[in-house]
Amino acid sequence: MREVWITEAVTVTPLGEDLKQLWTALLCGNSAIKAISRFPVQNYHAGIASCIDDLFVSGKRSMAHALLQRLIQQFSPIPKDTLLITATTKSGIDNLEKSQRGIPAEHRDIMISAVYEDLHRMLKLEREGMNISASCASSTIAIAQGAELIVYGWTDAVLVCCMDLVTEFVFSGFSALQALSPEPCRPFDRDRRGLSIGEGAAALLLMSKKRARQEKRPHLATILGWGAANDASHITAPAIDGCGLQQAIKQAMAVAKCKPSDIAAINAHGTGTIYNDLMELKVFNNIFADHPVPVYSIKGAIGHTMGAAGGIEAAVGILTLQENIAPPTTGFANPEKEAEGRVQAESIPIAGDYLLTTNSGFGGINAAIILKKGSMQ
Amino acid sequence: MKAVITGTGWVTSTTMGHGRNHDRFEMRPGKLPEITRKDVFEKPYPHFGRLDRYSRLGLSAIAFALKDAELNRWTRKQNIAMIASTLHGCLDTDIDYFSSTITAGGRLASPHLFAYTLPNSFLGEAAIFFGLTGASFVISEPSASGLWCLRMALIGMVGGQFEKVVCGTCDLNLPPLISETNTAPCGALFFVIEKEPTRQHLAYGKLRLDKKGILKFDDEEIENLSMLAEKCLLAISNKGMD
């Protein structure tokens with residue numbers, strides 16, 4: 001099996017133009033979740049989200065285009081033979097909103113493949129890739145599939161780019177499901193009241209170890225294991241017993257050839273909904289019963305960025321391993337019983353080289369990735 | 001990288017059914033049928049009528065494919081993955097959802113419809129109905145061939161990620177809001193692919209992927225999923241399979 005390195009990781013989130021700014025804000029316990037000014041919210045169950053303040057649109061294009069432009073500004077040169085995998089749940093759905101309101105809009109931005117096509121064009125890549133959509137586990141699965149393509153010799157380099165937007169389309173839907181918290185979300189807190197949605201984008205450049213060394217790329221982390229599984233239980237709610245997440249984690253650990261005691265920290269999906277958080281804690285307490293592995297969620301800081309969540313969280317996970325610090329779970333104050341001793345309101349030091357990051361989504365999908373600290377040489 | 005095809009099922013503008021039933025297959029532009037529960041499922045499935053058109057289409061073709069592979073009846077959940085390819089995804093459902101939402105300033109947003117505004121929701125529906133616990137995701141690729149789902153399935157089998165995969169394509173016609181002319185073939189077509197040929201009597205033939213990304217069915221190159229279905233059906237008639 002070929003080793004898969006992450007050689008570059010960039011983000012654009014409401015907590016900063018780049019990953020360094022995001023990391024600093026996370027460690028300070030900051031939150032970007034605030035009142036929405038982008039669309040009227042008086043008829044919804046909440047009025048807050050985590051938006052990038054100055055995400056402006058020019059002409060008929062979607063905000064997705066503007067977000068992607070800001071993301072690629074941070075890239076170092078990407079090899080032309082890189083295979084691009086994008087991940088999104090709703091692409092440029094803001095343009096559907098505009099179109100249905102009679103506002104001129106570029107229709108191609110609405111298509112699910114629009115993010116892929118836009119980036120492929122901007123980066124002038126030679127190879128054809130794809131967009132992957134798997135609800136809120138989209139980018140986690142995109143990273144896993146990208147790693148798999150490298151491991152088995154299909155390609156030497158994969159660029160995984162993920163993004164999703166805060167739109168009235170998505171906000172109204174979560175409101176109708178009564179899933180939105182009226183206050184900034186509080187993952188794993190006893191008094192949590194739902195999720196807060198957010199927007200953002202991330203890109204991770206994956207390379208075979210050999211190719212990365214040839215190009216003298218930094219070794220930020222190794223993608224050691226991955227897994228995905230379906231609950232086969234409910235279309236919008238997680239399985240109470242967490243069977244899918246458990247299967248995904250066990251699969252990832254088997255691929256990584258690691259054991260529970262190897263894991264230094266867990267980046268949880270941690271949305272702040274009653275059922276998601278309970279399900280996750282049940283699974284973590286089961287698999288890591290004998291190991292006090294710290295668990296954190298960054299969704300109290302940047303909201304639930306949906307299809308981009310896994311990519312942004314993997315990028316944060318790289319810094320978690322490099323700095324040996326698990327960031328705080330912003331909004332967490334009164335521990336859910338099952339979270340006691342695992343989840344912290346403050347950042348804490350961690351010991352070890354492996355990080356587990358998980359995401360779950362509508363349609364019962366769950367995905368897990370295990371990262372190993374890179375050598376940075 | 002190789003595997004065996006053990007089932008195929010489809011719903012297109014002119015036909016629906018599955019390979020072992022010797023149903024006719026063709027995939028071309030045209031109006032898709034209104035699928036009823038009785039067209040696909042023998043037993044009552046009250047939820048089926050409440051699904052959006054995209055989910056009904058995809059779920060029906062998956063149901064036919066699983067029936068073809070004799071995997072539609074289960075008592076314990078099955079570790080079967082699903083990878084679907086789509087060009088437009090659930091755009092039709094998106095339009096329906098947001099039309100109803102803006103009518104009353106968001107007050108009438110339908111939670112039920114919103115749940116199906118993801119291109120992979122129908123895979124979740126299939127997972128629940130057939131107890132499928134493998135990975136499930138949707139691919140959108142620039143080419144209309146839809147072959148990436150097969151490649152991903154075969155690569156995943158090499159790594160041990162998948163043992164059995166349902167993969168194929170699902171697309172409604174483009175809605176008028178987006179395009180005045182619908183010229184691309186529409187419909188849903190799925191295959192069941194198995195790593196270990198433990199059920200030889202169900203094998204249509206062997207699917208192989210070479211290092212250049214070329215897919216071959218019984219040593220003949222395939223260019224798209226429709227061609228694969230046609231070759232499977234030809235294999236059946238040549239072998240005289242039941």
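The values are calculated or read from the model by the stated rules, or taken from the named source; none is laboratory data. Everything quoted here is computed from the prediction, not taken from an experiment. Here the Cβ positions follow ideal geometry from the backbone for every residue, glycine too, while neighbour counts run over all protein chains shown. Surface accessibility is based on the protein's heavy atoms, side chains included, excluding ligands, DNA and RNA. Shrake-Rupley method; radii C 1.70, N 1.55, O 1.52, S 1.80 Å.
When you go through A:GLY300, A:GLY270 one by one, which is the residue that is modelled with pLDDT of 95 or more and part of a loop (DSSP other than H, G, I, E, B)? Steps first, answer last, please.
Numbers: A:GLY300 fails: part of a loop (DSSP other than H, G, I, E, B).
The conditions single out A:GLY270.
Quick check, is B:VAL158 touching a residue at least 12 places away in the same chain (Cβ under 8 Å) and farther than 18 Å from A:LEU149 by Cα? Let's see the steps before the verdict.
Details: touching a residue at least 12 places away in the same chain (Cβ under 8 Å): yes; farther than 18 Å from A:LEU149 by Cα: no.
The answer is no for B:VAL158.
Tally time: how many residues in segment A:122-136 are facing chain B (nearest Cβ under 10 Å), open to solvent by 10 Å² or more (accessible area, probe 1.4 Å) and over 15 Å from B:GLU141 (Cβ atoms)?
The number of residues fulfilling the criteria is 1.
Out of segment A:125-155, which residues are part of a helix (DSSP H, G or I), in contact with a Gly (Cβ under 7 Å, 6 or more places away or on another chain) and within 16 Å of A:LYS210 (Cα to Cα)?
Quick first cut of segment A:125-155, residues part of a helix (DSSP H, G or I) only: A:138-151.
Subsequent filtering for residues that are in contact with a Gly (Cβ under 7 Å, 6 or more places away or on another chain) retains A:138-140, A:143, A:148, A:151.
Correct list: A:GLU148, A:VAL151.
B:ILE102 versus (1) open to solvent by 30 Å² or more (accessible area, probe 1.4 Å); (2) under 29 Å from A:ILE132 (Cβ atoms): which is the lone unmet condition?
The failed condition is (2).
Select from segment A:1-48 the residues that are aromatic (Phe, Trp, Tyr) and in a loop (DSSP other than H, G, I, E, B) and list them in ascending order.
Applying the first criterion (aromatic (Phe, Trp, Tyr)) to segment A:1-48 yields A:5, A:23, A:39, A:44.
Within segment A:1-48, A:PHE39, A:TYR44 meet the criteria.
Within segment A:69-113, track down each residue that is in contact (Cβ under 8 Å) with a residue 12 or more places away in the chain, open to solvent by 10 Å² or more (accessible area, probe 1.4 Å), more than 9 Å from chain B (Cβ to nearest Cβ) and part of a loop (DSSP other than H, G, I, E, B).
A:GLN74, A:PHE75, A:SER76, A:ILE78, A:PRO79, A:LYS80, A:ASP81, A:PRO104, A:ALA105, A:GLU106 - these are the residues of segment A:69-113 that are in contact (Cβ under 8 Å) with a residue 12 or more places away in the chain, open to solvent by 10 Å² or more (accessible area, probe 1.4 Å), more than 9 Å from chain B (Cβ to nearest Cβ) and part of a loop (DSSP other than H, G, I, E, B).
Tell me which residues, restricted to segment B:132-154, are more than 10 Å from chain A (Cβ to nearest Cβ) and either in contact with a Pro (Cβ under 7 Å, 6 or more places away or on another chain) or not in a loop (DSSP other than H, G, I, E, B) (or both).
B:LEU150, B:ALA153
Name the residue that is nearest to A:ILE240 (Cα to Cα), counting only residues in segment A:330-369 that are aliphatic (A, V, I, L, M), in contact with a helix residue (DSSP H, G or I) (Cβ under 9 Å, 6 or more places away or on another chain) and more than 14 Å from chain B (Cβ to nearest Cβ).
Looking only at segment A:330-369, we keep the residues that are aliphatic (A, V, I, L, M), and these are A:333, A:339, A:343, A:345, A:348, A:350-351, A:355-356, A:365, A:367-369.
From what's left, in contact with a helix residue (DSSP H, G or I) (Cβ under 9 Å, 6 or more places away or on another chain): A:339, A:343, A:350, A:355-356, A:365, A:367-369.
From what is left, the residues that are more than 14 Å from chain B (Cβ to nearest Cβ) are A:339, A:343, A:350, A:355-356.
Values: A:ALA339: 16, A:VAL343: 20, A:ILE350: 29, A:LEU355: 24, A:LEU356: 21 Å.
This residue is A:ALA339.
Does B:PHE129 qualify as being crowded, with 24+ Cβ neighbours inside 10 Å and within 9 Å of chain A (Cβ to nearest Cβ)? Break it down into steps so the answer makes sense when it comes.
Values: crowded, with 24+ Cβ neighbours inside 10 Å: no; within 9 Å of chain A (Cβ to nearest Cβ): yes.
No, not satisfied.
With (1) among the small types (Gly, Ala, Ser); (2) farther than 22 Å from A:ASN230 by Cα; (3) assigned to a helix (DSSP H, G or I) as the list, and A:ALA309 as the residue in question, which single condition is left unmet?
With respect to (1) among the small types (Gly, Ala, Ser); (2) farther than 22 Å from A:ASN230 by Cα; (3) assigned to a helix (DSSP H, G or I), A:ALA309 is out only on (2).
Name the residues in segment B:1-55 that are assigned to a loop (DSSP other than H, G, I, E, B), of a type in the set (Gly, Ala, Ser) and closer than 19 Å to B:PHE191 by Cα, would you? Break it down into steps so the answer makes sense when it comes.
Step one: filter segment B:1-55 for residues assigned to a loop (DSSP other than H, G, I, E, B), giving B:1, B:13-15, B:22-36, B:41-45, B:51-52.
Those still in the list that are of a type in the set (Gly, Ala, Ser) too: B:13, B:30.
Once the filter is applied, which keeps residues that are assigned to a loop (DSSP other than H, G, I, E, B), of a type in the set (Gly, Ala, Ser) and closer than 19 Å to B:PHE191 by Cα, segment B:1-55 yields only B:SER13.
Only residues that are more than 12 Å from chain B (Cβ to nearest Cβ) and either open to solvent by less than 10 Å² (accessible area, probe 1.4 Å) or charged (D, E, K, R) (or both): list them for segment A:220-240, please. Reasoning before the result, please.
First, the residues of segment A:220-240 that are more than 12 Å from chain B (Cβ to nearest Cβ): A:220-224, A:240.
Answer for segment A:220-240, where residues must be more than 12 Å from chain B (Cβ to nearest Cβ) and either open to solvent by less than 10 Å² (accessible area, probe 1.4 Å) or charged (D, E, K, R) (or both): A:ALA221, A:THR222, A:ILE223.
Go through (1) part of a helix (DSSP H, G or I); (2) open to solvent by 10 Å² or more (accessible area, probe 1.4 Å); (3) within 13 Å of chain A (Cβ to nearest Cβ); (4) touching a strand residue (DSSP E or B) at 6+ places or on another chain (Cβ under 9 Å) for B:HIS88 and report which single condition fails.
(1)
On the basis of being in contact with a Leu (Cβ under 9 Å, 6 or more places away or on another chain), hydrophobic (A, V, I, L, M, F, W, C) and at pLDDT 95 or above, does A:LEU125 make the cut? Quick ask: steps written out before the conclusion?
On the way: in contact with a Leu (Cβ under 9 Å, 6 or more places away or on another chain): yes; hydrophobic (A, V, I, L, M, F, W, C): yes; at pLDDT 95 or above: yes.
It is true that A:LEU125 is in contact with a Leu (Cβ under 9 Å, 6 or more places away or on another chain), hydrophobic (A, V, I, L, M, F, W, C) and at pLDDT 95 or above.
Need at least 2 residues that are touching a residue at least 12 places away in the same chain (Cβ under 8 Å) and aliphatic (A, V, I, L, M) per element, so show me which helices (runs of 4 or more DSSP H) inside segment A:162-264 make the cut, counting only ones lying wholly within it. Reasoning before the result, please.
Numbers: elements: A:168-176, A:209-214, A:243-256.
In segment A:162-264, A:243-256 are the helices (runs of 4 or more DSSP H) which contain 2 or more residues that are touching a residue at least 12 places away in the same chain (Cβ under 8 Å) and aliphatic (A, V, I, L, M).
Quick check on my filter: what residues within segment B:96-125 are facing chain A (nearest Cβ under 7 Å), farther than 15 Å from A:LYS90 by Cβ and not small (Gly, Ala, Ser)?
B:ILE102, B:ARG107, B:PRO111, B:LEU123, B:GLU125
Restricting attention to segment B:57-85, report how many residues are under 26 Å from B:PRO111 (Cα atoms) and within 14 Å of another protein chain (Cβ to nearest Cβ).
Initial filter on segment B:57-85 (under 26 Å from B:PRO111 (Cα atoms)): B:57-63, B:82-85.
Imposing the further condition that a residue be within 14 Å of another protein chain (Cβ to nearest Cβ) reduces the set to B:58-59, B:62, B:82-85.
Matching residues across segment B:57-85 total 7.
Restrict the check to segment A:334-352 and report whether at least one residue is touching a Cys at 6+ places or on another chain (Cβ under 9 Å) and buried (at least 24 other Cβ atoms within 10 Å of the Cβ).
Within segment A:334-352, not a single residue is touching a Cys at 6+ places or on another chain (Cβ under 9 Å) and buried (at least 24 other Cβ atoms within 10 Å of the Cβ).
Residues B:LEU108, B:LEU118: which one is under 23 Å from A:SER172 (Cβ atoms), surrounded by fewer than 24 Cβ atoms within 10 Å (Cβ to Cβ) and aliphatic (A, V, I, L, M)? Spell out the reasoning first.
Working: B:LEU118 fails: surrounded by fewer than 24 Cβ atoms within 10 Å (Cβ to Cβ).
Going through B:LEU108, B:LEU118 in turn, just one is under 23 Å from A:SER172 (Cβ atoms), surrounded by fewer than 24 Cβ atoms within 10 Å (Cβ to Cβ) and aliphatic (A, V, I, L, M): B:LEU108.
Looking at segment A:241-263, which of its residues are away from every other protein chain (no Cβ under 14 Å) and surrounded by 20 or more Cβ atoms within 10 Å (Cβ to Cβ)? Spell out the reasoning first.
First, pick out the residues of segment A:241-263 that are away from every other protein chain (no Cβ under 14 Å): A:258-263.
A:ILE263, the sole residue that qualifies.
In segment B:56-85, what count of residues is obtained for those that are in a helix (DSSP H, G or I) and either touching a Lys or Arg at 6+ places or on another chain (Cβ under 7 Å) or open to solvent by less than 10 Å² (accessible area, probe 1.4 Å) (or both)? First the steps, then the outcome.
Applying the first criterion (in a helix (DSSP H, G or I)) to segment B:56-85 yields B:56-68.
From what is left, the residues that are either touching a Lys or Arg at 6+ places or on another chain (Cβ under 7 Å) or open to solvent by less than 10 Å² (accessible area, probe 1.4 Å) (or both) are B:57-63, B:65-66, B:68.
Final tally of qualifying residues: 10.
Tell me which strands (runs of 3 or more DSSP E) are completely within segment B:186-237 and hold 1 or more residues being surrounded by fewer than 19 Cβ atoms within 10 Å (Cβ to Cβ) and charged (D, E, K, R), or say none if there are none. Break it down into steps so the answer makes sense when it comes.
On the way: elements: B:187-194, B:205-209, B:215-217.
Where strands (runs of 3 or more DSSP E) fall fully within segment B:186-237 and carry at least 1 residues being surrounded by fewer than 19 Cβ atoms within 10 Å (Cβ to Cβ) and charged (D, E, K, R), they are B:205-209, B:215-217.
Can you name the residue in segment B:155-170 that is open to solvent by less than 10 Å² (accessible area, probe 1.4 Å) and assigned to a strand (DSSP E or B) and, of all such residues, is nearest to B:GLY89 (Cα to Cα)?
In the first step, residues of segment B:155-170 are kept if they are open to solvent by less than 10 Å² (accessible area, probe 1.4 Å); the result is B:155-157, B:162, B:165-168, B:170.
With the extra rule that they be assigned to a strand (DSSP E or B), the set shrinks to B:165-168, B:170.
Numbers: B:VAL165: 20, B:VAL166: 17, B:CYS167: 15, B:GLY168: 13, B:CYS170: 8 Å.
Per the criteria, the residue is B:CYS170.
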